[in-house]
Every structure is written in C-alpha cells, then in structure tokens.
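Input: a single structure, listed below in structure tokens.
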Amino acid sequence: MSDLHVVYRQVQSCFRANLGKMLVSLFVMLICISVFSSILFSPLILTDSASAGVWLLPLLVLEICLSGIFTYGLYVMLKRFYLKERAILGNLFAGFRIWPQVAGATVTMYLTVFAWLLVLSVPFSLLLMRWPELLFVQSGESMILNMDLAVVVSVILVAVAYILMSLRYAFVYLYMQTHQDVSVFEILRCSARMLAGYRFKLLLFCFKCGGMWLLLGLLFGSGLFFFSFYTTVLSDGAETSVIVSLRYIVSSCTYICMYVVLIKIMLAVIGFYCWLSDEQKGKHQDIKEEKLLLEE
C-alpha cells in the first residue's frame, strides 16, 4: 500500500498544476448542462399542467443521461491532466461519441440508487411503525410530521445510497474509456469486480485527498445556516448591507470548496484506478509466469 502514497503525491501535484484549468472545465460543464436542461424543459412552460406531467419523467431521464455524458467527458479531461497529456475543452463532449453506452450506464446507476433507497427505507419504515414519535410530533389530537427531521433523515438516506453506488461503480466512466466495445452491464460488472475488496480503501483515499476541502465546505455551509437563523429569528427578517455581503462571501466560499472537493475526489478515483489497474495487471502476470514454470 506504500504505492498509494506516490499516487497521493501525484494527485496533489496534478491538482496544484492544473487547478485553474480544471475549475474552468467544471464551470463550462455546469453551464452546458444548465443550457441543455433549459432547452429540454422550456416546452413544459408553454404546455398545460396535464401535458407537462406526462413529459416530466422522460425529460428527467434525458437530463440524467445528459449529466452522465458530461461527467464522462470531465473524467476524460481530468485523466489527461493526471497523465500529463494534452487536454482541451472539446474533451468534455467526448461522451456524445458513445452516448448510448454512457446514457445506459448512467441510468442503470441511478436505478441502483433508487433500489438502495428502497432497501434502506424498509428498516426505517419498520422503526417508525414501532416508534412513530421519532419523526412525528403531537399537535392537538393528531400527529404531524416533523419536517426538519424528515428532511435530515431523507438527505442521510440519499447520501448513504449514493456512496454505496459510487463505491461500487466508481470506475465505470474510466473503464468505459478503454473498453468502448463492451456492453453496459459488463462494464458495471467489471467496475464492481475491480473494486472488490478495495472499496473502503478507495473511500479513505478520497477522503485523504479531499477531506480538508470537504470540512471547509461544511464549515462555510454551517455559516449559511447561521445567517439564515440570524435573519429569520434574531433580526425579524431585516438584513443589513454587512450581513448581505458576508452571506454572499460565505456562499461563494462554500460553492468553491464543493467544486474543489468534486475535482479532488475525481482525481483521487482516477489515480486509484490507474494504481489498481497496474496492481492487478502485475498479479495476472505473476500468475501466468507461475503457470509457465509449473508447465515446464
């Protein structure tokens, strides 16, 4: 595992050398997704509510596919930065060349998240049936849902499901770059097979690479909650120019930290993938050599 320290230094070096370019690439990707999403959902504004409800689900699926295609392109660009190869903004659109594979893999991964949510909701529902006061509060003669606690629990469930899916399929977009002739389900299986026994190590490695920025983002994010509490409770809705300026600064710092966390985690996944690929190739080579020796 000492080789991972070398990978960590390579990730840090790549991050420091190309931070500006990677942030610009991320912003361009987000702008493209926003523009395409606006184009997709613009017809809903001109239709009645009944027709809009019919088209909402297909458009959401298209938006998920679109985000997956651009995420694939961002992985292509970041991997070029990591390998010290030439990268251009056009790499962000690399996923459109193999869009059926990328879209199929993305939708499958989102369905996996939904399945994990269903699995996680079963014990949670049983818990609520036994102790309903955990999420419900007494209001007169009836029980009402504690919305704040319900939102927190929902976010935790989604986060757990997303982490479980991300660890299992973290290499999907990277594996797809060199195996474009393989089916979607085979790519998903190969990603899960490569990470068997390494998921917790990957999680720790990602936290090692981006943990400091994640904590900074959470710190600034807690500042936003403080400003919200100050505005709604302490100042009765009144905001001074100083408070508005401070909230704008804290909000900007929060977004920047989250963008940096996203970049560092993607770089960590790329570095771990390159290291693990070399590791497993070395093991296969050793097995072949042992077989040859035994045959002789």
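The values are calculated or read from the model by the stated rules, or taken from the named source; none is laboratory data. Just so it is clear, the structure is predicted and the values come from calculations on it, not from any experiment. Note: ideal-geometry Cβ built from the backbone for every residue, glycine included; neighbour counts use all protein chains shown. The accessibility values were calculated without ligands, DNA or RNA, using every heavy atom of the protein model including side chains. Shrake-Rupley method; radii C 1.70, N 1.55, O 1.52, S 1.80 Å.
Kindly indicate whether VAL61 is at pLDDT 90 or above and of a type in the set (Val, Ile, Thr).
Taking the combined requirement at face value, the residue does not satisfy it.
Among the residues of the stretch 250-264, write down those that are touching a residue at least 12 places away in the same chain (Cβ under 8 Å) and surrounded by fewer than 20 Cβ atoms within 10 Å (Cβ to Cβ).
VAL250, SER251, CYS253, THR254, MET258, TYR259, LEU262
Every residue in the stretch 73-88 that is in contact with a helix residue (DSSP H, G or I) (Cβ under 6 Å, 6 or more places away or on another chain) and aliphatic (A, V, I, L, M), please. Walk me through how you get there before you give the answer.
Quick first cut of the stretch 73-88, residues in contact with a helix residue (DSSP H, G or I) (Cβ under 6 Å, 6 or more places away or on another chain) only: 73-79, 81-82, 87.
Once the filter is applied, which keeps residues that are in contact with a helix residue (DSSP H, G or I) (Cβ under 6 Å, 6 or more places away or on another chain) and aliphatic (A, V, I, L, M), the stretch 73-88 yields LEU74, VAL76, MET77, LEU78, ALA87.
Residue by residue through the stretch 89-125, note down the ones that are under 18 Å from LEU30 (Cβ atoms), open to solvent by 30 Å² or more (accessible area, probe 1.4 Å) and of a type outside the set (Phe, Trp, Tyr).
LEU89, GLY90
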